[in-house]
1. With θ taken as phi - 60° and the coefficients 6.51, -1.76 and 1.60, list the Karplus ³J(HN,Hα) couplings across segment 66-75 in order, rounded to whole Hz; mark glycine and proline as x.
2. How much accessible area does Ile30 have with a 1.4 Å probe, in Å² rounded to the nearest 10?
3. Taking the full set of protein chains and a 1.4 angstrom probe, give the accessible area of Glu169 in square angstrom, rounded to the nearest 10.
4. Given 0.36 nm per residue, what is the gain on full extension from Asn245 to Arg101 after removing their alpha carbon distance, in nm?
5. Mind listing which GluC sites (Glu not before Pro) in segment 304-374 are in a DSSP loop and have 13 or fewer other Cβ atoms within 10 Å?
6. Reachable lysines from Lys218, Cα under 19 Å, same-chain residues fewer than 8 places away excluded?
7. Label-point separation (nm) for Lys228 and Val191, each offset 7 Å from Cα along Cα-to-Cβ?
8. Considering only protein heavy atoms and a 1.4 Å probe, what is the carbon-and-sulfur percentage of the accessible area of segment 180-292?
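The values are calculated or read from the model by the stated rules, or taken from the named source; none is laboratory data. Values in this document were obtained by computation on a predicted structure and should not be read as measured data. Here Cβ is always computed from backbone atoms with ideal geometry, including for glycine, and neighbour counts include all displayed protein chains. With ligands, DNA and RNA removed, areas are computed over all heavy atoms of the protein, side chains included. Shrake-Rupley method; radii C 1.70, N 1.55, O 1.52, S 1.80 Å.
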Amino acid sequence: MKNIPLKIFIMVLISGIVGVSGMIMLKINIGNLSDGYREITSEYSENKRYTLEIRALLYRHQALVANHTAADSEEKYSEYETAAKKTENSLCDMFDELGGRMKSGDRSEKVYHKAYSSFISYLQNAEIAFGFSREGSKATADYYIVNVMDDYVKKVNANLDALDGYTEEEIVAAQNVMDGHIRFSTVSAIVCISAIAASVTVCLAFCVRITSNLEKYKDALEKDVERKAEALREHSEKMLRIQNNTIIGMANLIESRDGDTGEHVKRTSRYVNMLAFAAKESGYCADILTDGYIELLSKAAPMHDIGKISVPDSILQKPGKLTGDEFESIKSHAAEGGRIIRDVMSGIEEKDYIDIAADVASCHHEKWDGTGYPLGLSGEDIPLCARIMAIADVFDALISKRCYKSPMPLDDAFGIIEESAGTHFDPTLARLFLGLRKDIENYLKNTAADDSALY
Ligand SMILES: [Fe+2]
């Protein structure tokens with residue numbers, strides 16, 4: 001299958017070379033035949049011209065002899081004899097040239113010699129006739145002209161007729177040979193063209209068949225790929241749903257140890273999503289805040305306090321004031337959360353998600369002015385995702401009921417966010433969050449009926 005196009009190419013190439021070579025050879029052959037035919041017809045046409053010329057000169061000479069018998073003065077005798085001599089010389093030249101064109105041993109040469117012999121005899125009798133005419137024996141001279149010389153003229157003409165006949169036969173024979181070669185060449189050309197046409201037809205049929213097979217194979221392959229892609233997509237979506245539910249479940253479990261119903265996870269994820277899109281629309285950190293980044297951040301937000309799994313219930317659920325050691329234990333959840341995400345999720349989740357989730361967990365208690373924990377990062381050294389998470393986490397903690405406090409009114413909570421801009425929070429993000437107040441209030445009204453811990 002793979003080599004068929006090459007084979008077809010070679011077949012077409014060979015057919016083309018054979019066909020073109022055959023046509024060139026035929027053209028050369030026809031050219032040679034045509035040249036030969038032209039040469040033969042030219043040669044015999046020239047012979048015919050000489051015989052015609054000889055006939056005409058012979059009749060002229062015969063007329064001059066006849067006129068001589070009718071003359072009656074020396075002046076006339078001399079005039080006719082001179083003209084006759086001149087004509088005789090021309091006739092001799094013509095016979096010489098015609099003789100030079102004869103092929104030795106050919107039948108034409110034989111009749112030529114007979115014609116020439118009769119011509120010589122004619123001339124001899126013409127001299128005799130001139131003699132009788134000069135002596136005044138006009139009747140004898142006329143006898144020679146009518147009965148002797150005319151017989152030789154007839155013999156000359158008969159042999160010239162035979163020579164012309166041979167010439168015409170040669171021309172017809174040459175023409176027949178030429179016609180035969182032309183017919184052969186024509187048949188050969190038809191065979192060559194037919195062979196080329198047959199090869200091209202076969203090649204085209206191969207090409208059509210191959211193309212048809214390739215199309216069928218391509219269609220089958222596309223359908224197979226489409227089927228597998230659909231199955232993979234369904235599987236991926238299923239895995240994603242399981243994964244998200246697992247993450248949410250884990251986060252809820254952790255939050256429930258803290259005395260929360262699990263709505264904190266849902267609300268903080270929503271604030272994070274709203275604030276991230278608001279930042280994106282404002283053009284803030286446009287190189288980071290893509291739709292993909294925001295999707296991963298929203299998915300990672302529920303994991304921000306996963307480090308609390310290592311904090312004892314007695315500390316997490318303590319209603320009174322924490323001791324210094326207890327507070328340090330609480331603070332350790334940030335670094336611990338980053339470590340857990342990297343250790344547990346490495347190889348399961350994609351790297352971008354792990355990086356964002358680990359940054360959110362380990363840095364969501366860092367502060368813009370550098371007074372946060374665990375690393376004391378400040379400003380833009382704090383990952384963007386953690387700066388967004390910090391606002392959402394604190395805001396929801398303020399308006400939520402905890403074992404150690406009552407929920408704070410919204411005005412006070414937004415007031416604290418405003419006051420903390422530039423100290424605790426990224427001032428740009430804090431300003432954007434305040435700009436979302438109406439949307440947040442609407443969201444909280446819609447979810448308040450199901451959340452007894454809110455306010
Ligand atoms: Fe936390």
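1. Along segment 66-75, the couplings run 5, 5, 4, 5, 8, 7, 9, 9, 4, 4 Hz.
2. Ile30 has an accessible surface of roughly 70 Å² with all protein chains in place.
3. Result for Glu169: roughly 100 Å² accessible.
4. On the way: separation 144, 0.36 × 144 = 51.84 nm, distance 11.77 nm.
Result for the pair: 40.1 nm of gain on full extension.
5. On the way: sites: Glu326, Glu328, Glu336, Glu349, Glu350, Glu366; in loops: Glu350, Glu366.
In loop regions of segment 304-374 (DSSP not H, G, I, E or B), the sparsely surrounded GluC sites (Glu not before Pro) are Glu350.
6. Lys2, Lys228
7. A separation of 5.5 nm, rounded to one decimal place.
8. 65 percent
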